[in-house]
Structures are given as C-alpha cells and as structure tokens.
Amino acid sequence: MTALVNPGLADELARSDGFDADACMNCGVCSAICPMGVDVEVRRLFRYVLLGMEDKVRAETERVFSCLLCRMCEENCPAGVHIAENVRTLRHHIVRTGFGLGEG
Amino acid sequence: MSGRRIGVYVCQCGGNIGDYVDVDKVVEEIKGDDDVVIARSAMFTCSDATQQEIVQDAQEQGLDALVVASCSPKLHTVTFRDVAKRAGMNPFQYTQVNVREQCSWTHTDDKTGATEKATRLVRAGINRTRLTEPLEPIVVETTPKSLVVGGGIAGLRAALGLAELGLTVFLVEKEARLGGHVAGYGPMFPNDRKGSDLVATLEEKVRANPAITVFTNAELMAKSGSFGNNQATIAIHDGDKLETIQVDVGSIVVATGFDDYEPAAGEFGYGLDGVVTLPEFKKMVDEAPGLLQYKGRPVKTVAYIYCVGSRQDESLEGAHTYCSRYCCTSAVHTALEAQKLAGDLRQYHLYRDMRTYGKYELLWSASRENGSLYLRVPDDEPPAVEKLSSGGLKVTTRDLLTGDEEIAIPADLVVLVTGMVPRDNAELVSVLKLPVGNDGFYNEIHPKLRPVETIVDGVLICGACQAPKTSSEAVAAGLAAVTQSGAMLKRGYAELDPMVATVYADLCTWCGKCRAACPYDAIEQVELDGRQVAQVVKTACKGCGGCVPVCPEDATDLLGYTDAQIKSMIDGMMEVSCS
C-alpha cells in the first residue's frame, strides 16, 4: 500500500505540543539502548509522523504506551531530539483523537 | 681483472631477506669474484649506520663502484646512488640488485633455491657494475613561463599564483569569457559567497597582472619541445578570422574542468515538465524573485533524486561508477537557499548515501531542521517519476528507514541531483598526450604524493579535469600545480637522468628504424661528416630502450644498460658456483 506523504500531521503536532524530530538522522542509538528492547522503535515511529502516516502511528499505540519515559534515549541522542517529550506528545495525540477524549 | 674496485653489500632486511636467503653464503660465493674488493652482509643496509660504513669502506678501500643487493630498485636506488656520491663515487656506477621481492619473498618454500638465485642475481649485478661508465646528469635550462589551459576558477587561480611566483603566464580559454561553471553560480557552500563574485574578483586580478596574457576564444593547437622548454601553438578565433601564435613555456597547467551530467530522456522522468537538473534548479533559486517559481507557478514541494549520473551500475554501457563528490553538499546547500525564500517550502530528498563530508556535515544537519526530510532509497529500486493528470508530478519510492514502506510524494518540482562527467577534449588529449583514465578523467602519477603531475614531463593537471571536485578542491589542486611549476622552473635549470639512449655515429647508416620506434620523438636525423646519422635528443629521451633492438647495425645503445652490460649480466647469471 503506497502512502502519500502528508506534512500536515507533523505540523499539527508541532503546533499543538512542540513535536520536533527534524534533527533525527536515523542513527539508531535510541533503539539500541532502550531498556524495553527493540519493541519501542521511536525513530521509526517519529518517521511515520514526519511522513504523515497517521494509520501507522495509530497501529503503534501499544508501543507508544509501553515507553517508560526514562529518557535514556534522549540523554544519548547525538542529534539532541527530545525523544521522551515527543512520545508524550504522541500519547496525547492518540488519546485526543483516537479515544474521543478531546480537550473540549 | 678490469682493475675496477667494487664494493658489494648484501642486506638481510631484518628477517625479510635473511630468513629465506642465506645471506652469508651469498657473500661467501661472490667475495672472490674479479674486481670485488669488499663483500659484506648487513642487517639493514639502508640504515644510517650502514650507509656510513659503506662511505668509510669506500674511502679506505678506494672503491669506484657499488652494488647493494636488497629490495626493489623502486625503493632504494636513489638512496644508494646518494651513498655512492657521498663516498666519492659516480652515482651512476651503482647497481641495485633485488633479492627481496625476487628471492626471499617469492621462494619462501625453497631456501636453497632462493639463496642460489640471489647469488646469480648479485653476480649479474657485479658484472653490470664492472662495465659502468661515470655519467653526469643532463642539465637543461628551463623557460620561466607557464601556459594555463582553461580559465575556470582553478585555471584563474593557478595563473595568478604562477604570476605571483614571478613566472610569465599565458592563459588560454576556449570560451569567449573567463570563469567557467563557477561564473554562473550564485551563493555557494560553505560561506554563501556568490560564484560570480569570486570569479569577478579573480578575473580582475588576472587581467590587471602584467605578467599574465589572457587569450579567450583560444585553443592549444600543438606542442613540441622537451623538459622545461616547450613550444606551444595557440589558435585565437576572432569571428571568422583565425590567428595562431607561438609561445615558449616551461610548464603547461591543464585546468579544463568538467561537464554537468545530462540525463537521458526519460531517466527519472527527465523531459517531463517540472523535472530539472541540479544546475538548472540552482539557477532558479539564485534568480528567484522572492518566491520560488517554476514557469510562473509557485513551487511548494520539491523532491530531489540523488546520484543521477553518478555511482551507476558498472554493467551499464559507459557507466559513471564514481561518486561526483560535490552534488550532495550542493543539493543540501541549494535546499537551504530555497528555504530562505518566501513561502512554506517542503523538501524531500531521496538519497542513496549522504556524503556531505567534512565541515559540510553541518549543512546537512541544518537542512533537516529547515523543512527537508530525507528518504533512503534502495540501491536496486530507483524512485519512479510520473506526471499526474492534475499537472503535478508524483515520485514513488521505497523508504528503507521506515522498513521499506512505499511512499508517494506529490511534487511541484523534481530535482535530479546530477554529477560531474569528464569533458570531451579529444584534441587537447592528442596534442598533449594526456593520460586518460577508464573513467574519462585525466590521470595524475600518484594520487597522494604526486597529485598534479602527469607522466608527460612539464604537463600538470588540476581541478575537475582530473576528478570530480568542489571548487575549493579544484583551487587547491591549481595551487599545487603552481608549486610544481615553480619547483621545475624557478631554479632556472633542471637535472635529468643521464641513462638515455646513445647512437654510435660511426656504425649508424640512417635507416630511420630507431626514430620510428621512439614514442617520445627523441631521435632526429642529422648530417655528420657528410653522412646522414641518427642523433638522440637527450632531453626528450626517457631511456626506455625501444630504439636499441630495432637497429640493424647495433648502432644504438642505452647508457647504463648497454648491450655489453646486459650480456655480461646474463653470463653472470649462468655462471655455476664452484662450491
């Protein structure tokens, strides 16, 4: 299935919650040192956001919520991406749009 | 006995030779040979201590010739010629015998055989040495002038550098104006100075320098002469008129540059409305009136496809398999420039590997944080470009970084990041006998140690004619060519190797066979005592020996490797040891 790129998702999350993964260069340090193992592959998750693949993001809900927010990845990110903050943003986004718990 | 006093040193090279060749046995075998005054083994003959011992031996024993049996002549001939000279001998009465590459390294399974072979080779070396004549370097005066072919950024900077060294410079440019590719560029990486400004500054200095003569609409038509003294014929076009002039120069700096790769029709959609090359896109960005536009329509989304015309599969006919080196950084820099324009620009970069090496890495980081997203394309599945019925373009690719997701990018503009290809300059190649590599670029002698010299004496290459280069790399090479020209010409004379061909005029009957065999035009026909004979132009001869075997009268010989010497070497190798 071919996905059409859509910058709208990243724009919206940037505006609402300060999502920013632009500096990511896909080195994979985050995945390598994640105490949850490769299950939480944040760099791929963020890429889905950057490419605007909303369905893919939603399909990863389980992973988004299994993150411990321990910030081990963030401490070691050579590109300075605020990874844990971004994960929090995605949780917020999924809750807000997926579970009908909008902010009113 | 010839009365010669020869010293022979056989090297152990640590264990490199000594572990397989019985060096002491070799010394034992040859020390009683005719004319061998002293024969010794040494652990490292090239060491300062042993060199000093050789000098001392030579002075005490009155040696007049030297043999060292050690490694390849490529490694240490010059070293031991120098030792011979310091010891008061003629450096050309030294012979290097190779018992490492030719004996110990090749015959590790047969120590007895290796030792016997070493003995035979050393004996051949002694025999050759016995027949050596003292030779003196050929001294030629050099012309303190240089010809620069090509007036792009590398050629301009080289011309200026040569003039600053005090040399007279002739700059020949094929086009009507100077500056080459760079003259047409706006802001360039890394410091955003405009190419047009850089070239204008250079051109102003070049034009103002009284030591530099600039010829535009001009070409190098012919070149003759030899080391340090060349005659160059320059053709200058003036409308329909053609004027030719001749100049004497000591060195020639070739800076003829590159061509942009021109994609084939249909290659990544090339030919479709909205598919442009990197140089075309750069021009659009450079000239954009505040807002990025294509044919009057605003551009909101740009997709770049990298490595177009570079790193091509070698199975393709005429494939450019090399990386063009400048294009990743140029595309990234152009994307940053485009982002500075008004409007919310989205940029997608479809790359194979990002090679924004060195300091340019920072530009790549900056671009990621300025509206550029990078997608890693599989090498074996290039992106597809198609025109949509709506008028826009669509690029479809797999993105390896999302685990091979297929992504479609609707784009207003597709930029093919094209590389550099060698320029077709067949005439210049034939005039200067330039060495052309398999990739079509000109070849230097050694990429690290002799990066701008060619196998043709006095002809130097620099800039993008020798390989894809950024403009700063091209200029650095240009200045390297300046240094090499200075090294050749500033002293006013040069010393050439005297091991060249010679003609015994009394035997010569002038048949012309030697001249036909010579690849360097180094043999001329002259009249001597009313007879036509061959004569060697020593400064042009390279000592290849090509003229020797073709002579029906045995009237040609190679100094240092005469027929008599070669025969004596064969005799030496055939001699059976007494033990």
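What follows draws every value from the coordinates through simple rules; no lab data is involved. Fair warning: this is a prediction, and the values are worked out from it, not measured in the lab. Cβ coordinates were reconstructed from backbone atoms using ideal geometry, including for glycine residues, and neighbour counts include every protein chain displayed.
Key figures for this structure:
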quantity	calculated
Cα-projected label distance for B:S390 with B:K111, points at 7 Å along beta-carbon direction, nm	8.2
Point-charge dipole on Cβ atoms (K/R +1, D/E -1) for the protein assembly as shown, about Cα centre, debye to 20	1060
Taking the C-alpha atoms of the range B:6-135, convex hull volume expressed per residue in Å³	83
Efficiency of FRET from Cβ geometry, B:D353 and A:A59, R₀ 22 Å, rounded to 0.05	0.15
Computed E for A:N6/B:V436 - FRET, C-beta separation, R0 60 angstrom, nearest 0.05	0.75
DSSP-defined beta bridges in chain B - what % are antiparallel, rounded to 5	50
Relative contact order %, the range B:500-558, counting alpha carbon pairs below 8 Å whose residues are six or more apart	48
Formal net charge of residues neighbouring A:V42 (Cβ-Cβ distance under 15 Å; K, R +1; D, E -1)	-1
Built amide H within the under 5 Å cut-off of B:R423, gap 5+	B:D259
In order through the range A:76-81: 3J(HN,Hα) via Karplus (6.51 cos²θ - 1.76 cosθ + 1.60), integer Hz, x for Gly, Pro	9, 5, x, 9, x, 6
Shielding score for B:403-411, defined as the mean number of other chain Cβ atoms within 10 Å	4
Gain on full stretching of the segment that runs from B:Y504 to B:R423 - 0.36 nm per residue minus C-alpha separation	24.6 nm
Crossing angle, helix A:42-51 versus chain A [Cα axis fit, 0-90 degrees, rounded to tens]	40
Length-normalised contact order for chain B - Cα pairs under 8 Å, 6+ apart - percent	14
Sites B:E133 and B:Q59 - FRET efficiency at Förster radius 22 Å, r taken between beta-carbons, to 0.05	0.50
Backbone HN-Hα couplings from phi across the range B:434-446 [Karplus 6.51/-1.76/1.60, Hz, Gly and Pro as x]	5, x, 9, x, 4, 7, x, 8, 6, 9, 8, 6, 9
Compactness index (Cα Rg / 2.2 N^0.38 Å), chain B	1.26
Rounded to 5, the percent of DSSP beta bridges in the protein assembly as shown classed as antiparallel	50
Distance violations [Cα-Cα > 22 Å] among B:K300/B:K340; B:K241/B:K433; B:K117/B:K567; B:K145/B:K433; B:K85/B:K117	B:K241/B:K433; B:K85/B:K117
Placed amide H near A:G52: partners under 5 Å, 5+ positions off or other chain	A:N6, A:A10
Length released on extending from B:E28 to B:S365, taking residue separation times 0.36 nm less the Cα-Cα span	114.4 nm
Partner aspartates and glutamates for B:K223 [C-alpha distance under 20 Å; skip if fewer than 8 residues away on the same chain]	B:E141, B:E173, B:E243, B:D248, B:D424, B:E427, B:E444, B:E453, B:D457, B:D521, B:E524
Nearby aspartates and glutamates by direct alpha-carbon distance to B:K295 (threshold 12 angstrom, same-chain neighbours under 8 apart not counted)	B:D273, B:D412
Average beta carbon contacts from partner chains per residue of A:72-79, 10 Å cutoff	0
Whole-number percent relative contact order across the range B:260-420, with pairs defined as alpha carbons under 8 Å at least 6 apart	33
Peptide-level mean, for A:24-32, of C-beta atoms on other protein chains within 10 Å	2
Packing-based order for B:407-413, B:552-558, using average beta carbon neighbours within 10 Å, highest first	B:407-413, B:552-558
Added length on full extension, which subtracts the Cα-Cα distance from 0.36 nm per residue, B:E406 to B:L272	46.0 nm
Under the Karplus curve 6.51 cos²θ - 1.76 cosθ + 1.60, θ = phi - 60°, whole-Hz ³J(HN,Hα) for the range B:329-338, x wherever Gly or Pro sits	5, 5, 5, 4, 5, 5, 4, 5, 4, 5
C-alpha long axis of helix B:153-164 to longest principal axis of chain B, angle in °	50
Rounded D (µm²/s) - the protein assembly as shown, Kirkwood Rh over Cα pairs, Stokes-Einstein at 10 °C, 1.306 mPa s	52
5 angstrom amide H check on B:H320, placed H, neighbours 5+ away	B:Q312
